[in-house]
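Working notes, structure below.
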Protein chains: 2
Amino acid sequence: MHIVLLNRAVARLGAAALLLSALASGAQSAPQAVNPSWQQVAPGVWKASLGQPEDLSLLSAAGVQPALTRLASLPAAAFPLDAAEIEVRQMDWKVALRLPLAANEDIYGLGVDFSTVRRNGQIFELHVDHWNRRAPTPGRTHAPVPLYISSRGFAVLFDSARYLKVSVGHGVRLAAKQKPPVVDRTTRTIRPATPGTAPIPAPWISALPSDSIEVLANAPGFDVYVFAGPSPMDALRRYNLFCGGGSLPPKWGLGFLTRLPTKATAADVLADVAAFREHGLPLDMIGLEPGWMSHAYPCSLEWDPTRFPDPAGLLGELDRLGVRANLWFNPYIGPPHGKLYGRMLPFAGSHLVWNGLVPDYTLPEARATLAGHLRDEVLRLHPRAVGGFKVDEVDGYDRYLWPETATFPSGHHAEQLRQTYGLLVQRVLLEEFRALDRRTFGQVRGTNAGASSFPFVIYNDNYDFGEYITAVVNSGFAGVLWSPEVRGSDNPEDMLRRIQAVCLSPLALYNGWASPQKLWTHPSALPGIRAALRLRLQLLPYLYHTFAQYHLDGLPVIRPLQLVTSAAATTAGPGGQPALDATTNPYEAPAALKEIKDQYLLGDSLLVALLAPDAASRPVVLPPGRWYDFYTGRLAGEDTTIYVTPPADQLPLFVRDGAIIPRLAGEPLRAPRTGELPRLELWHYGEKPGALRLYDDDGETFAYERGNVSWTDLRAERSPDGTWHGTAITVAGTQTWSYSDPRWFFITP
Amino acid sequence: MHIVLLNRAVARLGAAALLLSALASGAQSAPQAVNPSWQQVAPGVWKASLGQPEDLSLLSAAGVQPALTRLASLPAAAFPLDAAEIEVRQMDWKVALRLPLAANEDIYGLGVDFSTVRRNGQIFELHVDHWNRRAPTPGRTHAPVPLYISSRGFAVLFDSARYLKVSVGHGVRLAAKQKPPVVDRTTRTIRPATPGTAPIPAPWISALPSDSIEVLANAPGFDVYVFAGPSPMDALRRYNLFCGGGSLPPKWGLGFLTRLPTKATAADVLADVAAFREHGLPLDMIGLEPGWMSHAYPCSLEWDPTRFPDPAGLLGELDRLGVRANLWFNPYIGPPHGKLYGRMLPFAGSHLVWNGLVPDYTLPEARATLAGHLRDEVLRLHPRAVGGFKVDEVDGYDRYLWPETATFPSGHHAEQLRQTYGLLVQRVLLEEFRALDRRTFGQVRGTNAGASSFPFVIYNDNYDFGEYITAVVNSGFAGVLWSPEVRGSDNPEDMLRRIQAVCLSPLALYNGWASPQKLWTHPSALPGIRAALRLRLQLLPYLYHTFAQYHLDGLPVIRPLQLVTSAAATTAGPGGQPALDATTNPYEAPAALKEIKDQYLLGDSLLVALLAPDAASRPVVLPPGRWYDFYTGRLAGEDTTIYVTPPADQLPLFVRDGAIIPRLAGEPLRAPRTGELPRLELWHYGEKPGALRLYDDDGETFAYERGNVSWTDLRAERSPDGTWHGTAITVAGTQTWSYSDPRWFFITP
């Protein structure tokens, strides 16, 4: 009887089997390594199950559905690593994995860090957490996506919902084939091979580079995925497509979002919309707190009847004004006298957050309870006016969340809930909007791997400009979206620079929840702020196309410069993985770009090099190829570093040679709605002819998934007489071109 | 056959059994809690084995041998907690423990932190690490001793060599009998019980206090120990005595230590000793690097023949000068061409540190190899002159140590090695000195629980004065010794204040390894520095007695003020645990002392309130009882806060009413040696009569363990005519009084 129980149990939970095998092999000696077995699970995507993977992983929490057709359109590729050099080792109840790291290999990714982009030589503790710049070990961030991208043209994902410790090129192994030389720390020399000859000068460094990436998962097992290239960008694309492709927001989501102070009323909301219009500032979304966080900090998810006596009336009025509401909430439930508390109680974990319940959202019943309540209290009030949510507090320092000793009714562990909480909540919300055939675009403070297809943009409470931009760059490596915040400033220049930054990020917003300041508080900054917001709206067709590339091709919206050279190589590439050796790598970023963390490409053609609030000028590293000034069309340079001192109301923005930038004409105050046909402008830059197959759809529903899209071939060509002309021809059989006839501009000085 | 193997394995390693029981009970529901079983293992000390404890724990690594006779002399005490409120829960391969925390309970301890002393509301990750003030979660320190001391008069030790996560009063449980009120975050009020009545104003706080201390061990089990009081100080004493009692250094260890620059030669060593004598500065120890770190950073543990051509000669000369050598080393072995490398190779872990071997010192063979080499290369050179070692790099940021994926030949895990490495190396060294019947006093950078009896003082690379002093205070809660460092300063005032601080800490030292500066670099500071060093030497009998109390009674050398009130209560107490309720606790520190982290008692009677380098004055909180100025005998105050502005060459130092401070007469330049009979001075302060049974022994060997000690009863009394007189009577049957007849001083203004 006991044996039978044992056998059933072993079959059910892998941890025991592992442990027993460790025991049988002698627990008191060092565990042996084996090479994992790889299985191709999608074109160019391999999986190995290490130990006994758990049911709750990052990808399972996100519910990813690979875009297999799109994956198949990428170049064929062989397994990109030397499988004999990949080792897995069972260490009692933990699983250790070693992957080879070449001497000339640069590693990017491993989560949305705010301080560095190149990861070699660092050790990460990947936890969902509020980011802290001074953490002794990096990796605690709002999006600790355990995906790394190698400059040798592949990516690797560790799909575990446990905390992971990842060491990138740190810790030289005794068994390493090639070890760093032994340098005399006192004399800074290497001992000569021949005694009696002079010592060889050499620098001494404390942390020597190793030949491995090593991962320790505190778990009975996990799945590891390898994404082939040939280029690093291709590998990232495969990851995004394996997660279903990137998100495609509604068009209005690419407009401007403003958020009101915490205690704002319905009247305040309408007054703010009116003030935006009065000041000639675009506005598509308005963020508010329905008063449901009032009792303590968790949410009752009930509108406060004093501040919002008629929520449906308010939403109807916002809809009439062409503005979507974005509702601020967090997923903890309180107070006890609220409607939802008792219904959620059976699904709550053992500990409270701010006196509120912590629902176990790994339980379908908990998700259904939340979804049903939101449907009844929010979404049924108006068919369109609630555009999305701001999902707060799904990350957080340890002291704000449940302790790791907390238990949950599903039996999942506190650590697993922490790593997946943001994913689970995003999924609940997204499914509700999908059921209504309405797209959403929201914000979230904590997310993880598998989130590529979630239309949520990460934010946080940081306010350091440089760190913000580095996080924007890193979001591009992680299959997530991240935008800085503007929360006001006493300095007009600071306010303007910050607004410029958010207008060139995935979500353009002003977060006024804690500030009496408005965008018009500083009259001297207002013209520049207005210009930045209008530019954002003008660029909407370009941005929307960029998001379509994210969705359909897996190309990130924010493209780190470290991937751009490689991406270019893809186009020219013959398909298949090129042979890389220790000295040459066609996909390696140029030295000047390896550590660049304050510039990025927004889409195919725009190079963004924002000016920090306290800087009058800055260096800009221009990648290979010619780059042109966005405003004047003047040649800025080619594969060089320039110094720029732009006027206050302009941005250091450069355009790739031959690019076509589709823009809205005029000075639109909001994104176009379904059925509207705004005028398009097509701006061509440089000397190369331009070609762009521009994406479009209805911009609001999921009809694009049912094929209701349009493609238009744009071409800019120069006649033999030197004059430029352009054409726009909608691809036969495609639909819904939402613009009136385009007008061409050839931007030259 | 398979079943037999399985059963043997289960019997051998507890993890499997635990896991199987978890499986049998249904792995997918929240695990149930049980109350651990307690067993009294020494007077007032209880142990519970949670899950299946591992063979390598902190106490087993330290090899503690409880001082049972001494423990029996403490007051009888009942189990100090409500055992029904202590819960252990198996969470797959982890073990969670919950202990109750009362609303009026203050928690101290949990390692040598540099920022706070009271621990309520914090979450700790206890790792051996170089301390980092900005770590998002505290607990990574040079001594992450998992011992907490409760103001309710008990202490608890989690004896695991794994990383521990400890949450102190954080994370309110849904099941808690009393939860904090639900406060409206927006209006800062509590909802009235009766609808229609006014809300009650209340502060909103983000981290609500809980009723628990919760611990998560990533281990199949561990032993937990409870130490009874009745007072918190008694509980700490029981811990120290359970670890064998505190260390008793040789008398010369309480003199002054100076350390030379890295590349110093034998000639430099002798020149520095001569310079100390010339400048009238006491010196007992000189620190040097024998040149054995030269090849890379690990140690060959061979003297460099160019810098030290005649080590035995140098040591003989140092002995003649009355100075002990302190040799700087780290426990990693390199370079490969050294003598020790090949011998240590079979015992090395899978990864290198600075290209050096990381011996698995949990293996007796590895310890014996190190010990044998040190015996041959160092200790045999001279019978006395090597006094100790500076054990470097046994802590360190992750990037300086082996990764957690490293394996070791014993089968112990990287994490376990990290938590115990300092303990293991200290033990090797201590055993070698013990075999020679010579005491040692050294330095170590990383240690842990069980270290009370190790004569090693922790140091680090920090240089923040306030943080240094907080660490000194916290060392008193942790059964370890810690001293700040002085490494030079361009500011004479800064240099002087730092020297004053080290002279009132466990080890008085100047660490000149990286600086050309000397104690006489700033002529203006030299008189004050000389006064501080001389005061250190004058206080040697008092300090030595204080260390004897540490050894024999478990009383820490550094006594945090939070424990002092309680200690006083012990004396008056009836024995046994007093009844504590939610409102009264005779051992609770007064409010003004709860957070004091910049003052401490050095021994029974000296209150140290150091002046920071940049401060001309400071507040001093005087505990209950009268306190007198150390220099003038003037009454400073009683249970109050005073502000002091001392002259540059004096210290804010206060003496307890009735105290007798035994001092060396004159201005000694080194500690007395065996057989010398220096003159003693006995300084009495205040209005109460004084009584002190003064400890003494030979000061150099372990003869004190064989009963070769002396006790002298000192009494200071006032005659009816108001004149004071003192007596000193050696207790019959005790030996080795090392002083000539004492002279009494009654210190009054």
Residues with amide H under 5 Å of B:ILE458's amide H, sequence separation 5 or more or different chain, H placed in the peptide plane at 1.01 Å from N; which?
-> B:VAL444, B:LEU481, B:TRP482, B:SER483
Förster-model FRET efficiency, 30 Å R0, B:HIS279 and B:GLU431, C-beta, rounded to 0.05 | 0.20
Expressed in angstrom, Rg and Dmax over the Cα atoms of segment A:346-401 are 13.6, 39
Estimate the FRET efficiency between B:ALA368 and A:GLU365 by the formula 1/(1 + (r/R0)^6), using the beta-carbon distance for r and 60 Å for R0, to the nearest 0.05.
-> 0.50
If you roll a 1.4 Å probe over the protein assembly as shown with all protein chains in place, what percent of the accessible area is carbon or sulfur?
-> 54 percent
12 Å cut-off, amide nitrogen to a point 7 angstrom out along B:ASP713 Cα→Cβ, residues in segment B:674-706 = B:691-694
Using packing as a proxy for protection, rank A:366-376, B:74-84, B:346-356 so that the peptide with the highest average count of other Cβ atoms within 10 Å comes first.
-> B:346-356, A:366-376, B:74-84
Residue list for segment A:132-170, given a label point 7 angstrom along the Cα-to-Cβ vector of A:ALA514 and an amide N cut-off under 12 Å = none
Within 10 Å of the Cβ of an average residue in B:352-360, the count of other chain Cβ atoms is 4
Considering Cα pairs under 8 angstrom that are at least six residues apart, work out the relative contact order of segment B:264-379 and quote it in whole percent.
-> 25 percent
Loop trypsin sites (Lys or Arg not before Pro), segment A:41-131 (other Cβ atoms within 10 Å of the site Cβ: 10 or fewer; DSSP) = none
Quick one: with label points 7 Å out along Cα→Cβ, list the inter-copy distances for B:ALA103 in nm, shortest first?
-> 6.7
With each pseudo-label sitting 7 Å past Cα toward Cβ, what's the B:PHE702-A:ILE729 distance in nm, one decimal?
-> 9.6 nm
Rounded, prolate or oblate (a/c below 1.5 giving rounded, otherwise prolate when a/b exceeds b/c) for segment B:310-440 by Cα gyration tensor = prolate
Sorted list, accessible surface of protein heavy atoms, 1.4 Å probe, largest first, for B:SER231, A:SER206, B:SER37 is B:SER37, A:SER206, B:SER231
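Using a 1.4 Å probe on protein heavy atoms only, how many Å² of accessible area do B and A hide from each other, summed over both chains and rounded to 100?
Chains B and A together bury approximately 8400 Å².
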Roughly speaking, what is the centre-to-centre gap between segment A:425-489 and segment B:249-307 when only Cα atoms are used, to the nearest Å?
-> 58 Å
Assign one of three labels to chain A, namely rounded, prolate or oblate, based on the Cα gyration tensor with a ≥ b ≥ c the square roots of its eigenvalues; rounded applies when a/c is under 1.5, prolate when it is not and a/b is larger than b/c, and oblate otherwise.
-> oblate
Order of exposure, largest accessible area first, which applies to B:TYR631, B:TYR695 with probe 1.4 Å = B:TYR631, B:TYR695
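Can you check what the net charge comes to around A:GLY287, using other residues whose Cβ is under 9 Å from the Cβ of A:GLY287 (Lys, Arg +1; Asp, Glu -1)? List each step's numbers first, then the result.
On the way: positive: A:ARG259, A:LYS390; negative: A:GLU289.
Taking every Cβ under 9 Å from that of A:GLY287, the sum is +1.
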Got a sec? What order do B:ARG487, B:ARG445, A:ARG743 fall in by accessible area at 1.4 Å, biggest, i.e. largest, first?
-> A:ARG743, B:ARG487, B:ARG445
Accessible area of B:ASP310 in the full protein assembly, 1.4 Å probe (Å², nearest 10) = 90 Å²
Per residue of B:168-177, count partner chain C-beta atoms within 10 Å of its C-beta, then hand back the mean as an integer.
-> 5
Give me the accessible area of B:HIS279, 1.4 Å probe, in Å² rounded to the nearest 10.
-> 50 Å²
Per residue of B:213-219, what is the mean number of Cβ atoms on other protein chains within 10 angstrom of that residue's Cβ?
-> 3
Quick one: which residues, 5+ away or cross-chain, put their amide H under 5 Å from the amide H of B:ARG743? H built at 1.01 Å from N.
-> B:LEU680, B:GLU681, B:LEU682
Those residues in segment B:181-195 that give up at least 20 Å² of accessible surface, probe 1.4 Å, once the partner protein chains are present instead of the chain by itself are B:VAL182, B:ASP184, B:ARG185, B:THR186, B:ARG191
Accessible-area loss of at least 30 Å² (1.4 Å probe, chain alone to full protein assembly) applies in segment B:56-103 to B:MET91, B:ASP92, B:TRP93, B:LYS94
Ignoring ligands, DNA and RNA, what accessible area per residue does the protein assembly as shown give at 1.4 Å, in Å²?
-> 32 Å²
A:THR640 accessible area, nearest 10 Å², 1.4 Å probe?
-> 50 Å²
Once the in-chain neighbours fewer than 8 apart are removed, the lysines whose Cα is under 28 Å from B:LYS165 read A:LYS94, A:LYS165, B:LYS47, B:LYS94, B:LYS177, B:LYS179, B:LYS594, B:LYS597
FRET efficiency for B:ASP376 and A:ILE205, using Cβ-Cβ distance with R0 set to 30 Å, rounded to 0.05 = 0.40
So what is the relative contact order of segment B:310-440, in percent, for Cα pairs below 8 Å that sit 6 or more residues apart?
-> 30 percent
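Express the relative contact order of chain A as a whole percentage, based on alpha carbon pairs under 8 Å and six or more residues apart in sequence.
It rounds to 13 percent for chain A.
The values are calculated or read from the model by the stated rules, or taken from the named source; none is laboratory data. The shown structure was predicted, so the numbers you read here are calculated from the model rather than taken from an experiment. Positions of Cβ are backbone-derived with ideal geometry, glycine not excepted, and every protein chain shown enters the neighbour counts. Areas reflect the complete protein model, heavy atoms only, side chains present, ligands, DNA and RNA absent. Shrake-Rupley method; radii C 1.70, N 1.55, O 1.52, S 1.80 Å.
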